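Taking it in order: structure first as structure tokens, then the write-up.
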Amino acid sequence: MQKYKAAIVDDSQEYREKVEAVLQSIAGKCEKSIECMNFSMAEVLVYELQAGAYFDIYVLDIEMPGMNGMELARGIRKQYPDVCIIFVTSFSRFALESYEIDAYQYILKEKLAERLPRVMEKFFRRTAEEPEDAYYTISMSSRLERFRFKDIIWIYKSEKNAVFVTKEKLYKQRASLNDIYKLLPQGEFVFIERGIIVNIPHINGVDRNELTLSNGSVLNASRSFLKKVKEEITRYWSRQI
């Protein structure tokens, strides 16, 4: 059974309970599992995220004391560009701004029971097409971070940490590159030197030993790795034809 974590943020306990009830009901019908955490203030959720909490789904009110839902959503979207953000509000005037934040849906509270189940059914169908093992997860005692394999551009060693360079941000994990490499999709990642792994789909060009990546980075493959690198790139590109 596919599992999800949802954060519900609303200064009204009544609506937090309503949203959770709808989420649990539709998850059961779709044979999914949702773990919900409820927050009365956006700032509390921000604290949880800073401490390493991760959620797949965010259901946010907009007008709240202190930080409002739009400000909260911008911060979430910056840190986690692919998560599902749904606004549930009493006001329609924020609809345009919500689309600028790339909200998954904008629902008026008066239509919560009607609209939210349909939105979640659509979300479940979309995510069912992407298997759980499409993600790399960094799990530490104080934090949990998850990102798609396809968003990793390259990984390098920095002292005792491995640094993941993705399209949006850097992630760090205390682990060896050899151990990380074993968890990566076979045939899509390659060592270009002892301390660097590159995601082959993000290689835009090769000139001698220079690799140009999708984010504009130019990396040098070491002489001892170069033959293997070119073989892996050729093998990957040939599969795409």
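I need the full set of residues from segment 148-189 which are in a strand (DSSP E or B) and hydrophobic (A, V, I, L, M, F, W, C), in order please. Those that are in a strand (DSSP E or B) and hydrophobic (A, V, I, L, M, F, W, C): Ile152, Ile153, Trp154, Ile155, Ala162, Val163, Phe164, Val165, Leu170, Phe189. Please tell me if Arg77 is among the basic types (Lys, Arg), crowded, with 19+ Cβ neighbours inside 10 Å and part of a helix (DSSP H, G or I). No; evaluated as a whole, the condition is false for this residue. If you go through segment 170-187 and keep only what is over 16 Å from Arg235 (Cβ atoms) and open to solvent by 50 Å² or more (accessible area, probe 1.4 Å), you end up with Leu170, Lys172, Arg174, Asn178, Asp179, Tyr181, Lys182, Leu183. Scanning segment 188-212 for residues that are open to solvent by less than 10 Å² (accessible area, probe 1.4 Å) and closer than 16 Å to Val163 by Cα returns Phe189, Val190, Ile192, Ile197, Val198, Asn199. In segment 9-34, what count of residues is obtained for those that are under 26 Å from Pro65 (Cβ atoms) and open to solvent by 40 Å² or more (accessible area, probe 1.4 Å)? The total comes to 8.
Would you check if there is a residue in segment 205-214 being out of contact with any His (no Cβ under 6 Å at 6 or more places or on another chain), outside any helix (DSSP H, G or I) and at pLDDT below 85?
Of all residues in segment 205-214, those out of contact with any His (no Cβ under 6 Å at 6 or more places or on another chain) come to 205-212.
After this cut, where a residue has to be outside any helix (DSSP H, G or I) as well, the list is 205-212.
So of that shortlist, the ones also at pLDDT below 85 come out as 205.
Within segment 205-214 (the criterion being out of contact with any His (no Cβ under 6 Å at 6 or more places or on another chain), outside any helix (DSSP H, G or I) and at pLDDT below 85), the answer is yes, since at least one residue qualifies.
Okay, residues lined up against (1) buried (at least 19 other Cβ atoms within 10 Å of the Cβ); (2) modelled with pLDDT under 85:
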| site | (1), (2) |
| --- | --- |
| Gln2 | no, yes |
| Ala7 | yes, no |
| Val44 | no, no |
| Ala53 | no, yes |
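Restricting attention to segment 159-171, the residues that are under 23 Å from Val83 (Cα atoms) and either modelled with pLDDT of 90 or more or of a type outside the set (D, E, K, R) (or both) total 6.
Can you say whether Phe225 is out of contact with any helix residue (DSSP H, G or I) (no Cβ under 7 Å at 6 or more places or on another chain), open to solvent by 40 Å² or more (accessible area, probe 1.4 Å) and not β-branched (Val, Ile, Thr), as far as the supplied structure shows? Explain how you work it out, then say what you get.
On the way: out of contact with any helix residue (DSSP H, G or I) (no Cβ under 7 Å at 6 or more places or on another chain): yes; open to solvent by 40 Å² or more (accessible area, probe 1.4 Å): yes; not β-branched (Val, Ile, Thr): yes.
Yes.
The values are calculated or read from the model by the stated rules, or taken from the named source; none is laboratory data. Fair warning: this is a prediction, and the values are worked out from it, not measured in the lab. All Cβ positions, even for glycine, are placed from backbone atoms using ideal geometry, and neighbour counts span all protein chains on display. Areas reflect the complete protein model, heavy atoms only, side chains present, ligands, DNA and RNA absent. Shrake-Rupley method; radii C 1.70, N 1.55, O 1.52, S 1.80 Å.
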